[in-house]
1. Nearest 10 degrees, 0 to 90: what angle lies between the long axis of helix B:26-37 and the longest principal axis of chain B (Cα atoms)?
2. Along the charge dipole of segment A:5-141, which of A:V50, A:T29, A:A96 sits closest to the positive end, that is, farthest toward it, with unit charges on the beta carbon of Lys, Arg, Asp and Glu (+1, +1, -1, -1)?
3. Between helix A:61-74 and chain A, what is the angle of the helix's C-alpha long axis to the longest principal axis, kept within 0 to 90° and rounded to the nearest 10?
4. Say a paramagnetic label sat at a point 7 Å from the Cα of A:V52, along Cα to Cβ; which residues of segment A:104-143 have their backbone N under 13 Å from it?
5. With a cut-off of at most 16 other beta carbons within 10 Å, and DSSP calling the residue loop, which GluC sites (Glu not before Pro) in segment A:43-143 qualify? Please list them.
6. How large is ³J(HN,Hα) for each residue in segment B:5-18, as worked out from phi by the Karplus curve 6.51 cos²θ - 1.76 cosθ + 1.60 (θ = phi - 60°), to whole Hz, x for Gly and Pro?
7. Please determine, in degrees from 0 to 90 and to the nearest 10, the orientation of helix A:106-123 with respect to the longest principal axis defined by the Cα atoms of chain A, where the helix direction is its Cα long axis.
8. Excluding A:V64 itself, calculate the net charge of residues whose Cβ lies under 12 Å from the Cβ of A:V64, where each Lys or Arg counts +1 and each Asp or Glu counts -1.
Amino acid sequence: MSDAVTLTEVSSSPLDLAAHLAAVSTPATGAVASFVGTVRDHSPDADGTVVVLEYSAHPDVQRVLESLADRVAASHEGVLLAVSHRVGTLAVGDLAIVACASSAHRAEAFDACRELVEVVKAELPMWKKQVLADGSHTWVGSA
Amino acid sequence: MSEVRYFAAAAEAAGSNGESLAATTVGELRELMVERHGEELDRVLTRCSLLVNGVRGEADTVLAETDVVDVLPPFAGG
């Protein structure tokens, strides 16, 4: 992993935003952009109220997360990145993804944070099962 | 025999996380999967990528004895 990627984790424990902010903060940092993706109670794929999300992952997920973060870091010079994704059973309001990017200036931090979240959503080998209030479930993107 | 690993919606439709199947191409393997597990898996497979040892396989991709084939529904992280 590149030195510009300071924290990557796929975890079954609750995610810690403060740990990600700290991981990208150095004396040279002038801006930190953060993103928190949370579990919501509705979805375009679900006809009803979502009560639980179950995230599952491919066995290579940690390696892929590291390589995605490396790729984003390589295209944003001077940026530090930290990103984690939760796996397992999450309730509404729980944190599913946390991403932070720091730089000397805000523009690079915003750009890198946004790109990091977008590539993780598109390319991280994870799946999301939505459990509804009536006990039924749907797989996001697989219907 | 190739080792097939099913994930997420594909595992649910197959009723299994994996199995060993004998096929000479990815296309033949797909037919075998549907024959064994039915139309629900067929429906899910239309949206899946089949990776042979981590590389996307097409219907005419030739399978060797020791290949690992991952059946991956569309990713949905975040």
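1. 50 degrees
2. Of the candidates, A:T29 comes out farthest on the positive side.
3. With both axes taken from Cα atoms, the answer is about 40 degrees.
4. A:129-138
5. The qualifying sites are A:E77.
6. Result, rounded to whole Hz: 10, 9, 10, 6, 4, 5, 5, 5, 5, 7, x, 6, 8, x.
7. Long axis of A:106-123 versus the principal axis of chain A: about 40 degrees.
8. Details: positive: A:R63, A:R71; negative: A:D60, A:E66, A:D70, A:E123.
Computed value for this residue: -2.
Bear in mind these aren't lab numbers, they're just calculated from the coordinates by the rules spelled out. Just so you know, these numbers come straight off a predicted model, no measurement behind them. Neighbour counts run over all protein chains shown; Cβ positions are idealised from the backbone, glycine included.
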